[in-house]
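The values are calculated or read from the model by the stated rules, or taken from the named source; none is laboratory data. These numbers come from a predicted model, not from an experiment. Glycine also receives a Cβ, built like all others from the backbone with ideal geometry; neighbour counts cover every protein chain displayed. In case anyone asks, the SASA skips ligands and DNA or RNA and just uses the protein heavy atoms, side chains included. Shrake-Rupley method; radii C 1.70, N 1.55, O 1.52, S 1.80 Å.
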Amino acid sequence: MGTWLRRLAYLFRQSRHEADLRDEIEAHRSLRAAHLEREGLTSQAAAAASRRAVGNAFLAREDAREVWLGSWATWWQDIRYGVRTFRKSPTFTAVAVLTLGLGIGVNAGIFTVLNGVLFRDLPAPNAQELVSIQQTVERGTFTATTGSGSFTMSEYRQYRDRARTLSGVLAHSDPRETTLGGETPQEVFGAIVSCNYFTVLQVPPALGRALTEEDCEPGADPVVVLGHGPWTTAFAADPWILGRAIELDRRRFTVVGVAAEGTYGGSPMRAGYFAPVSAEPLLWPGASRYADDTNRWLYLVGRRRDGVVLAQVRAELGVIAAQIDQQQPGRSTTLAIDRATPMTVPSQARGAAMGASAVLMAAFGLILLIACANVANLLLARGTTRSQEIGIRVSLGASRARVLRQLMTESMLIAVAGGLLGSVLALWSFQALVTLALPVALPPEVPAFAFALDFRPDYRVLAFAIALTFGTGLLFGVAPALHASKSDLSALMKQDAPGSGSSRLGGRLRGTLVGVQVALSMVLMIAAGLLLRGLYATYTVDPGFAYRDVSYLSFGTDYGPATVLNQRLMDEVEALPGVDAVAFAAQTPLGESSMGGAVRLPGRGENEQRFAEWDEVTPGYFSLLQIPIVRGRSFTEAEGANAAPDADVRPVIISQTTARNFWGEGDPIGRTLLRDDIARKVVVTLQVVGVAADAQLSALGTINPYYIYEPRRPGGVLLVKHRADFRATASSIRALVRARDPSLAFRVLRLEENVAWWRGVSGAITILGAGLGVLALVLASVGIYGVVSYSVARRYREIGIRLALGARAPTVLGMILRQTMRPVMVGAIIGVVAAGAVSRILSGVLFGVSPADPIGLGGATLFVLAVALVSGAIATRPVTGADPLAALRYE
Amino acid sequence: MAKDRSDVLQGTLDMLVLKALQLEPMHGWGITERIEHWSEQVLQLGQGTLYTALYRLERQDFIRSEWLVTDNNRRARYYSLTVRGRRHLTASLAQWRRMSRAVNLVLDVTTVS
Amino acid sequence: MGLTNIASDLLPGTLELLILKSLVSGPKHGYAIVEHLRVTSRDVLYVGESALYPALQRLLLNGWARAEWGLSETNRRARYYKLTPAGRKQLAGERAGFERMVRAIQHVLDAT
């Protein structure tokens, strides 16, 4: 107890105490000198002998301080000393802190993005208890890819009723674009959910009540919980909304509650409404998925019970899955159960998503590494200039460990300053980036405000930033600190510090750092170059269909009754001035939706099915989009008009690649394919009547291995080919549609925008990559220049001597430059090899990126060498041709 | 300040271990026993402390170790002094005697100087 | 001798103990303590500043001694350390324990 009081007292008057100690030791010394004098030494010798204890005094004071304040005292001392040294060289400090700030900031920024998308918890209380449950079902060799990860209604019921490790399991559908009726009909994204949704999430509604089990009984009155957004925008936050009826896709629903703001809707999109599963048949045209036992459309989220761990959940649900498997021979289910995150990434895509994130983080990490190498170099250079100061400390008795600690503390100071700067930069610029980037990243049909992703930094981002800061501090600090602490007085006593033996190791270290920097920058530069090439490719690739001057009407999912979308509308639109052709399709080319199903050759079994992408089109589709029919014919008008969803035999047109995959070079015309219609339990025969050229309809740059077109009656998405002015055409079309039905919500868009969006995404990535490459270039150039010019400058003396001895300037310079270029060359070679590997990875992930070719690699190498040479030339300028004595005097 | 637990300094500990091995090679546990016995239980060596010391001594080539079979047919690591170790022990013993005699002189002096 | 910390090679806290003992015979300044130890140990113990002063600070921290500025015998300013009652108690208690430890070690060393 008394000790602590005394410690406080000491702290209070620390400076006075330290002054006292200094005086005391001084007095001790003079007393000893006096004693030695008495013993016979001359006063000079006595004083000298006494003074020789000078080193110990330093240590004594430090140890004494530690007695009172613990080891914190020395840390604090180191920090104060470090700050003082930095203040003396402001340029160095500024450059180092800025470089690091850039590196750390950029990494923190990208991590925040990834965090918001991939790692965050759901916006619900106790969100860490929530788990997402996904399944992959295999039957033989056939694995369904549509609706991957999702479950059928009956499968959901089994998990819900049987899981004991979970206190509740909810189900939700994909977000659905629905027309909310009213004066101005608008599109909202809503979810169809199980009736325990709000209970399991533990998010009570803001108004009224949540869904209950009665709402989910078959035949129950259609009710809905309105989303907070539409309630405020479309209904002006009307407190009397409860009990009122609203129209969703023209069906009446009674509002029983309003969800709290920010309630999770099963996806990163803001939920416009929550409808019970029993109401699903009202909102989904065609066969109802609710009653259909074979349709997989529900995503499951469960809440772990208290004290239950993930492994137990996995075990129990695995048993349930096995039991379900047993009921269907040949079926095998794999479950993926993980902590629930806002982005439900289908388990197959999870690998790709993780891969893409890894690539992204690696790229940014490289920038940071280059920045570290730069700062390390700076520190090394500074270490040499401080060697005198350090040598004195060592001879005063400071152990090497202590000097090391001092230097590491200084490095940490830089790191912390850089980390703070970088984090602030990241937070600041980040909001701006997201606002800019989001519209680019979303398809034209999705409004940007519909996203509810939370990108605010949370503890994970903070932890990441801190870890990064200390990691970089260690990384760039260790080597220079170790090197600098080796200085001792003996080396200093020889007055010619530069160019002497002790710095040979320093030179090697610096050279290695340069080599590392060069290698890293080359990788980044080459990667950026590849991305730019890829961008060029996407801009010039031909998607295989004509997209200019083509517009389309998007009705959302409110397909509207046949009274509007029919042959008459087609004729009327076609008759408009400036319109060349009209067609209907189920899908928008390069749009966001996709249809697919399994087909097989006759005589083959279920396990030899192939997954095909699908579209249903009117006969004029191909000529409108200028997709040539290379074999056979297009659909006839009759086939289009008579198309029925329950026909057992249908004509189809397949893509070239499909034909090749099924029948090789043989003629596919007249051949058949079979499709199992599981809902109606019949086998549909598809007869090939024509082969269309390949078109990149689902994704720019990809040709589907299997693509099938069926004929359809008018309906779906209306494609219009027009001449010239889009605006005039669009308003005429709008007028036409409104005249028929004023309550339809639709948009007229240009097909070009879809193509542009696809290009835009890769464009964004490319610009990002190119930006990184430029950044890397700048950092590396600065680093290379610094090192080359420094190592040349240190040899001025040597140059001067050689010149004085009669060597010719070019020879001497050539020799110097050759030696300094060596690490650069080594780095370049390593960089090229590494870049080769990286480009192979990139070409797998991004479209249009081919493994690097010699031009790209050669170009990057030349650039790096050029920078190094120029730096060397600039550095040797003071010495070239000049008076050798000037070089000697140049210190 | 040193209490009844064996708060011995590194150098002193090393010396004790070497002394314990002076007679004959011994395994780790035996060394502890010997020291505890000879000091009449005043000095208690923890396992960690002992093995750190053994490792240190082996690294400086003062002792060497080999695997042998004990009386009850178990394998144990036996430590023995090297020539260097013996020399170091002799030097340490002399140093210690000098030091402890000096300290005793100081602690026992009662007259005012 | 050189400037070495021989005393603390025995056991932790040896130096503090020695300093306390040297203060029994009256307050002393740092150099006087060094001299006292040297003389009474017949020139074996020589404590350097880097060991002495931290040890003195420890004494102050634990309240075993008090320090005051005064004039030395040569009329120079010097800081004198004086034993406190707590210090006396500490000395008495520690000394017994210390002797026991040393004796125990000696037994080990004398064993044959």
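Key figures for this structure:
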read-out: Lone qualifier among A:670, A:666, A:640 - being open to solvent by less than 60 Å² (accessible area, probe 1.4 Å) and in a helix (DSSP H, G or I); value: A:640
read-out: Members of the range C:88-105 that are closer than 26 Å to residue B:22 by Cα and either open to solvent by 80 Å² or more (accessible area, probe 1.4 Å) or facing another protein chain (nearest Cβ under 7 Å) (or both); value: C:98, C:100, C:101, C:102, C:103, C:104, C:105
read-out: Selection within the range C:28-59 - aliphatic (A, V, I, L, M), at the interface with another protein chain (Cβ under 7 Å from one of its Cβ atoms) and in contact with a strand residue (DSSP E or B) (Cβ under 8 Å, 6 or more places away or on another chain); value: C:37
read-out: Residue tally, condition open to solvent by less than 30 Å² (accessible area, probe 1.4 Å) and closer than 18 Å to residue B:10 by Cα, over the range B:45-80; value: 7
read-out: Qualifying residue in the range B:89-101 (condition: farther than 19 Å from residue C:44 by Cβ, away from chain C (no Cβ under 14 Å) and either open to solvent by less than 100 Å² (accessible area, probe 1.4 Å) or in contact with a helix residue (DSSP H, G or I) (Cβ under 7 Å, 6 or more places away or on another chain) (or both)); value: no
read-out: Count of the range C:63-83 residues which are under 14 Å from the mean Cα position of the chain (by Cα) and in a loop (DSSP other than H, G, I, E, B); value: 1
read-out: The range C:78-87 - residue that is open to solvent by less than 60 Å² (accessible area, probe 1.4 Å) and not small (Gly, Ala, Ser) and, of those, nearest to the other protein chains (Cβ to nearest Cβ); value: C:79
read-out: Residue that is modelled with the lowest pLDDT, among those in the range A:398-418 that are closer than 14 Å to residue A:85 by Cβ, β-branched (Val, Ile, Thr) and out of contact with any Leu (no Cβ under 8 Å at 6 or more places or on another chain); value: A:403
read-out: Lone unmet requirement of (1) open to solvent by less than 60 Å² (accessible area, probe 1.4 Å); (2) in contact with a Phe, Trp or Tyr (Cβ under 9 Å, 6 or more places away or on another chain) for residue A:303; value: (2)
read-out: Among residues of the range B:51-89, those that are within 18 Å of residue B:33 (Cα to Cα), in contact (Cβ under 8 Å) with a residue 24 or more places away in the chain and either in a helix (DSSP H, G or I) or out of contact with any strand residue (DSSP E or B) (no Cβ under 8 Å at 6 or more places or on another chain) (or both), counted; value: 2
read-out: Number of positions in the range A:338-384 that are surrounded by fewer than 22 Cβ atoms within 10 Å (Cβ to Cβ), in contact with a strand residue (DSSP E or B) (Cβ under 9 Å, 6 or more places away or on another chain) and at pLDDT 75 or above; value: 3
read-out: Matching residues in the range A:210-241 - criterion: being surrounded by fewer than 15 Cβ atoms within 10 Å (Cβ to Cβ) and under 27 Å from residue A:290 (Cβ atoms); value: A:213, A:214, A:217, A:218, A:219, A:221
read-out: Test: residue in the range C:40-62 that is surrounded by fewer than 14 Cβ atoms within 10 Å (Cβ to Cβ) and either in contact with a Lys or Arg (Cβ under 8 Å, 6 or more places away or on another chain) or closer than 30 Å to residue B:20 by Cα (or both); value: no
read-out: Set A:632, A:666: member being at pLDDT below 90 and assigned by TED's automatic domain parsing to the domain that holds residue A:579; value: A:666
read-out: Checking residue B:42 against (1) surrounded by 14 or more Cβ atoms within 10 Å (Cβ to Cβ); (2) within 14 Å of chain C (Cβ to nearest Cβ); (3) in a helix (DSSP H, G or I), the condition it does not meet; value: (3)
read-out: Among (1) without any contact (Cβ under 8 Å) to a residue 12 or more places away in the chain; (2) within 15 Å of residue A:191 (Cα to Cα) - the single one residue A:272 does not satisfy; value: (1)
read-out: Qualifying residue in the range A:479-499 (condition: at pLDDT 75 or above, surrounded by fewer than 15 Cβ atoms within 10 Å (Cβ to Cβ) and more than 24 Å from residue A:404 (Cβ to Cβ)); value: no
read-out: Scope the range C:9-34; condition surrounded by fewer than 18 Cβ atoms within 10 Å (Cβ to Cβ), assigned to a helix (DSSP H, G or I) and at pLDDT below 90; matching residues; value: C:9
read-out: Entirely in the range A:1-90, the helices (runs of 4 or more DSSP H) that have 2 or more residues that are open to solvent by 60 Å² or more (accessible area, probe 1.4 Å); value: A:2-12, A:14-38, A:43-51, A:72-88
read-out: Answer from B:39, B:65 - the residue that is within 30 Å of residue C:90 (Cα to Cα) and either more than 15 Å from the chain's Cα centre (by Cα) or small (Gly, Ala, Ser) (or both); value: B:39
read-out: Top-ranked residue in the range A:800-834 [being small (Gly, Ala, Ser) and free of Cβ contacts under 8 Å to residues at least 40 places away in the same chain; ranked as least open to solvent (accessible area, probe 1.4 Å)]; value: A:814
read-out: Cross-chain or 6+ apart pairs with Cβ under 9 Å, the range B:102-113 first and within 7 Å of chain C (Cβ to nearest Cβ) and assigned to a helix (DSSP H, G or I), then open to solvent by 100 Å² or more (accessible area, probe 1.4 Å) and modelled with pLDDT of 50 or more; value: B:102/C:42; B:105/C:42
read-out: Failed condition for residue A:649, given (1) of a type outside the set (Asp, Glu); (2) within 26 Å of residue A:546 (Cα to Cα); (3) open to solvent by 20 Å² or more (accessible area, probe 1.4 Å); value: (2)
read-out: Residue in the range B:20-37 that is at pLDDT 85 or above, within 11 Å of chain C (Cβ to nearest Cβ), in a loop (DSSP other than H, G, I, E, B) and in contact with a strand residue (DSSP E or B) (Cβ under 8 Å, 6 or more places away or on another chain) present; value: yes
